[in-house]
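Here is the structure we will look at.
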Amino acid sequence: MKKLRRRFQALPRRFWVAAAAVFFIVSIAVSIYVGRGNAPAPMQVPISSLLNLADQHQLLRVDINNNTLYAVGTDGKQYVSLKEDQQTVTEQLRRDGVVVTVSDGSRAALGPSTIAAILPIAIILGVIWLMMRHGGPNNQAMSFGRSGARRYDGDSRPVTFDDVAGVEEAKQELAEIVQFLKYPEKFRAMGARVPKGVLLVGPPGTGKTLISRAVAGEAAVPFFSISGSEFVEMFVGVGASRVRDLFRQAKRSAPCIVFIDEIDAVGRHRGNGFSGHDEREQTLNQLLVEMDGFDINTNIIVIAATNRPDVLDQALLRPGRFDRRVTLDPPDIGGRRAILEVHAQTKPLEPEVDLAAIAQQTAGFSGADLANVLNEAAILAARSGKEAIGRHELEEGIMRVVAGPERRSRVVTDYEKSIISYHEVGHALVMKALKHAHPVTKVSVIARGQALGLTVQAPKHDSYLTSKAQLMARMAALLGGRAAEELIFGDVTTGARQDLDAVTDLARRMVLEFAMSDLGVVAAPSSERGGELSPEMAAKVDHETIRLIDEAFNTARAILRERRDKLVEIAEHLLKVETIDGAELDALLGPDWTYYA
Ligand code: NHX
Ligand code: ZN
């Protein structure tokens, strides 16, 4: 989905690049041709010969550019000579009746051949410049120098803190940075050590880039952006030189923000003597050198983003480097609602749309996910010719972000379709029978992305802790699909592999990380605690993992065996209607529905 959209925008751009390349080659050819036809290249002559020519009154005029003399003879011939650094020839030439001009550009007297050579290049640069200003999504982005950093400022509406929702604490912490960029004197007068680097920590899509741009926008300073992975090139030394270049650019534009995304790509703690990471290390060292080189008057703040602070080289985190840390969490329900409202500002919503309800259905979504939900909904509304975005479009937007767009063209036999239906209703009934499971919001036999069908559940509230009972319920729910296939068809399919992977993962973590098995209250040995599981321990871990999965599977089987009639009834209904939402499912379950044990 995302890839597809990117391609769409990339296509016309690629076309322009190709067109520019063709144009470039053609114009070079033309300029060479024209240049040859019109004016022969000037002849290189020694300065002594040139002065002799002047004595013989064979020179018309001379243009002196630094130590280069461009001369035109009485017969129209052109000459070029070099003179010594301190030597002045003007007096002598003037006495010989030569017209003398002095210019200080890199090139003297623009003859027609020079114009022929320069014009196409100027046009190409102009075209490239226009493409960068008006082309594609980064229309205010400029690629800068050899560093490859993009600079954002100037004409477009700057990003401000109002555009960043759902991360109030981070905003408060970064507001101080804004103050520093705006009024550096105030802090210096107090003798305060001004921050150089801020580390933004948070999972993907939580707005690390956005909030950094907002800092630049609020402070009205330029914003340079580069990704750590762009530093790590194939050739040793390129990364370091890019860092140098980036900071040279930044110093010229100070005060400014330098944003380094994915700093972990360069900032992983350095190896243990084995090389092979020379390039990364050089790049990292260069970065440290640059930051240490900031003096009290360098108004540059480096903001680095990562979702793996644990792997960073400690040297990066020392005082005077990235010594400030700002954490960005995935948004809670209030944050999600605020984010949805920001993105909805520019989109017409039907009056009955309840963004609070959408926020409730999107637990675990990042800011970027939520932006995608609204964007998908807007596309759907526009495509169906509606005046405004409704609840239906928003819910479909959620499904697209969760599992991709519908794939109705996927041809499935009736028999397979019925396996899919029973599999999904199996999941749903197990979820509905366990009070520790989350509510079901959607059951569908329409293929989406990789999946042939799916069952979606959403927690009622955000939570930061999960109990063992909840995890057991999640495992049983994941195995409900497989249990239904087995119960109804007496055979099982490969389709459940995703479910089985998830269950196995969960069970293993319960044993190793959460100490939720009969192995007792012990967590797996980590590298800091001296390494690996002993073979005996590994065998016990496997055994416990299998036992937990078995227990969950038996729960799922028992639930469905007891509710076989409902399973058949609802699965057959689902085959006809293809999608059931949470309320419809409750209605189908009826008032007599009870929890399992
Ligand atoms: C295949 N797909 O790969 C076919 C096309 C058991 C009724 N030959 O468990 O669709 O078998 O409850 C994300 C999400 C692979 C990534 C689901 C990658 C599923 C999904 C395998 C339903 N719903 N299995 C499910 C399913 C399959 C698969 C996925 C993924 C089926 C099952 C996929
Ligand atoms: Zn499944």
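The values are calculated or read from the model by the stated rules, or taken from the named source; none is laboratory data. What you see is a predicted model, and the numbers here were worked out from it, not measured in a lab. Virtual Cβ from ideal backbone geometry, glycine too; neighbours counted across all protein chains shown. These area figures cover heavy atoms from the full protein model, side chains too; ligands, DNA and RNA do not enter into them. Shrake-Rupley method; radii C 1.70, N 1.55, O 1.52, S 1.80 Å.
Residue by residue through the range 404-417, note down the ones that are among the basic types (K, R) and away from ligand 1 (no atom under 13 Å from the Cβ).
Looking only at the range 404-417, we keep the residues that are among the basic types (K, R), and these are 407-408, 410, 417.
Result: R408, single match.
Taking the criterion of being open to solvent by 40 Å² or more (accessible area, probe 1.4 Å) and not in a loop (DSSP other than H, G, I, E, B), the residues of the range 243-260 that qualify are R244, R248, K251, R252.
Looking at the range 46-149, the strands (runs of 3 or more DSSP E) lying wholly inside it that each contain 3 or more residues that are modelled with pLDDT under 70 sit at 142-144.
Among the residues making up the range 438-496, a single one is assigned to a loop (DSSP other than H, G, I, E, B), out of contact with any Asp or Glu (no Cβ under 8 Å at 6 or more places or on another chain) and within 13 Å of ligand 2 (Cβ to nearest atom): Q450. Residues in the range 261-295 that are over 18 Å from G237 (Cα atoms), modelled with pLDDT of 75 or more and assigned to a loop (DSSP other than H, G, I, E, B): E262, G293, F294, D295.
For every residue, the table says whether it meets (1) free of Cβ contacts under 8 Å to residues at least 24 places away in the same chain; (2) in contact with a Phe, Trp or Tyr (Cβ under 8 Å, 6 or more places away or on another chain); (3) more than 21 Å from G397 (Cα to Cα); (4) not hydrophobic (A, V, I, L, M, F, W, C).
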position: L434; (1), (2), (3), (4): no, yes, yes, no
position: G453; (1), (2), (3), (4): no, no, no, yes
position: Q457; (1), (2), (3), (4): no, no, no, yes
position: S463; (1), (2), (3), (4): yes, no, yes, yes
position: A473; (1), (2), (3), (4): no, no, yes, no
position: L479; (1), (2), (3), (4): no, yes, yes, no
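Here is a check on your reading of the model: is T545 open to solvent by less than 80 Å² (accessible area, probe 1.4 Å), among the hydroxyl-bearing types (S, T, Y) and under 27 Å from E513 (Cβ atoms)? The answer is yes for T545.
Checking each residue in the range 404-437 for being surrounded by fewer than 19 Cβ atoms within 10 Å (Cβ to Cβ) and either within 12 Å of ligand 2 (Cβ to nearest atom) or among the aromatic types (F, W, Y) (or both) picks out only Y415.
Output the residues belonging to the range 418-469 that are charged (D, E, K, R), within 10 Å of ligand 1 (Cβ to nearest atom) and more than 19 Å from D565 (Cα to Cα). Talk me through it step by step, then tell me what you get.
So the first thing to find is which residues in the range 418-469 are charged (D, E, K, R), and the list is 424, 432, 435, 442, 448, 460, 462, 468.
This time we only want the ones that are within 10 Å of ligand 1 (Cβ to nearest atom), so: 424, 448.
Within the range 418-469, just R448 meets the criteria.
Scanning the range 512-531 for any residue that is in a helix (DSSP H, G or I) and β-branched (V, I, T) turns up nothing. Please go through the range 444-478 and give me each residue that is farther than 19 Å from G364 by Cα and within 34 Å of the chain's Cα centre (by Cα), ordered by number. Listed by number, the residues that qualify are S444, V445, I446, A447, R448, G449, Q450, A451, L452, G453.
Rundown of residues vs (1) touching a Leu at 6+ places or on another chain (Cβ under 7 Å); (2) more than 19 Å from Q470 (Cβ to Cβ), yes/no style:
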position	(1), (2)
R508	no, no
E513	no, no
P525	yes, yes
P535	no, yes
E544	yes, no
N554	no, no
A558	no, no
R561	yes, yes
E569	no, yes
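Can you report the number of residues in the range 182-214 which are open to solvent by less than 60 Å² (accessible area, probe 1.4 Å) and either free of Cβ contacts under 8 Å to residues at least 12 places away in the same chain or of a type in the set (A, V, I, L, M) (or both)? Summing the residues that are open to solvent by less than 60 Å² (accessible area, probe 1.4 Å) and either free of Cβ contacts under 8 Å to residues at least 12 places away in the same chain or of a type in the set (A, V, I, L, M) (or both) in the range 182-214 gives 9. Within the range 381-402, restricting attention to residues that are of a type in the set (A, V, I, L, M), surrounded by 17 or more Cβ atoms within 10 Å (Cβ to Cβ) and touching a Leu at 6+ places or on another chain (Cβ under 9 Å), the residue that is nearest to A338 (Cα to Cα) is L394.
Name every residue in the range 491-513 that is more than 16 Å from ligand 1 (Cβ to nearest atom) and loosely packed, with under 14 Cβ neighbours inside 10 Å, in order of residue number.
Pass one, the range 491-513, residues more than 16 Å from ligand 1 (Cβ to nearest atom): 507-513.
Selection gives E513 alone.
Scanning the range 516-533 turns up no residue that is surrounded by 11 or more Cβ atoms within 10 Å (Cβ to Cβ) and either under 30 Å from S418 (Cα atoms) or within 16 Å of ligand 1 (Cβ to nearest atom) (or both).
Residues in the range 301-332 that are part of a helix (DSSP H, G or I) and surrounded by fewer than 18 Cβ atoms within 10 Å (Cβ to Cβ): D310, V311, Q314, A315, L317.
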